[in-house]
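The values are calculated or read from the model by the stated rules, or taken from the named source; none is laboratory data. On a predicted model such as this, the values are computed, not experimentally measured, just so you know. Every residue, glycine among them, receives a Cβ derived from its backbone with ideal geometry; neighbour counts consider all protein chains shown.
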Amino acid sequence: MSDVKVSIKNLYKIFGSNPKSALEKVKAGMEKEELLAQTDHVLGLQDISIDIRESAITVVMGLSGSGKSTLIRHINRLIEPTDGQVLIDNEDALLLGPEALREKRRTDLAMVFQKFALLPHHTIVENVSYGLTIQNVPKQEAAERSQQWIDKVGLAGYEKHYPNQLSGGMQQRVGLARALATDAEILLHG
């Protein structure tokens, strides 16, 4: 069995003006509906612990609004937790300063967003090569790697088009190609 790549321990996320005080109520047993009614805070995640092994595909499933995307966004710290730990390669990701976090995102993490997060004024090839550009990959190498992934996701011939010229499914494939082109160790979809 492979090693743990990402370990989430006792993760809580509460949305509102004073999440720490609401956290005490949740830990004391207050339910989501009661928390909202009494404090106007929303319980996003409650005591989540999960180990994700290297080279594994891990799927987080649940109903709409159950916290799947919120959980995924904690791994790359697009959302900060109210309490708990997020360890990547046994390093506490919550202790990373701004520059170290940017570097971790540049090199080790890639994400395909639900709404694709494509740059509307950039062509498909420019969107796919974006992650490589911020990694300072030489332009020719970035273009070649981008083209390989454009081909693999079935978008050859659309390189000079813009996102609004593609269907939703095609835009999603552009986002996937962009994430895969960086060759990141951790690929998130949320």
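Among the residues of the range 79-105, the one identified as at pLDDT below 90, surrounded by fewer than 16 Cβ atoms within 10 Å (Cβ to Cβ) and under 14 Å from the mean Cα position of the chain (by Cα) is ARG102. Flag: ILE150 does not match the condition of being among the β-branched types (Val, Ile, Thr), surrounded by fewer than 18 Cβ atoms within 10 Å (Cβ to Cβ) and in the same structural domain as MET170 (by TED's automatic domain parsing).
Quick check: is even one residue across the range 49-56 among the hydroxyl-bearing types (Ser, Thr, Tyr) and closer than 20 Å to LYS104 by Cβ? Yes, there is a match, as at least one residue in the range 49-56 is among the hydroxyl-bearing types (Ser, Thr, Tyr) and closer than 20 Å to LYS104 by Cβ.
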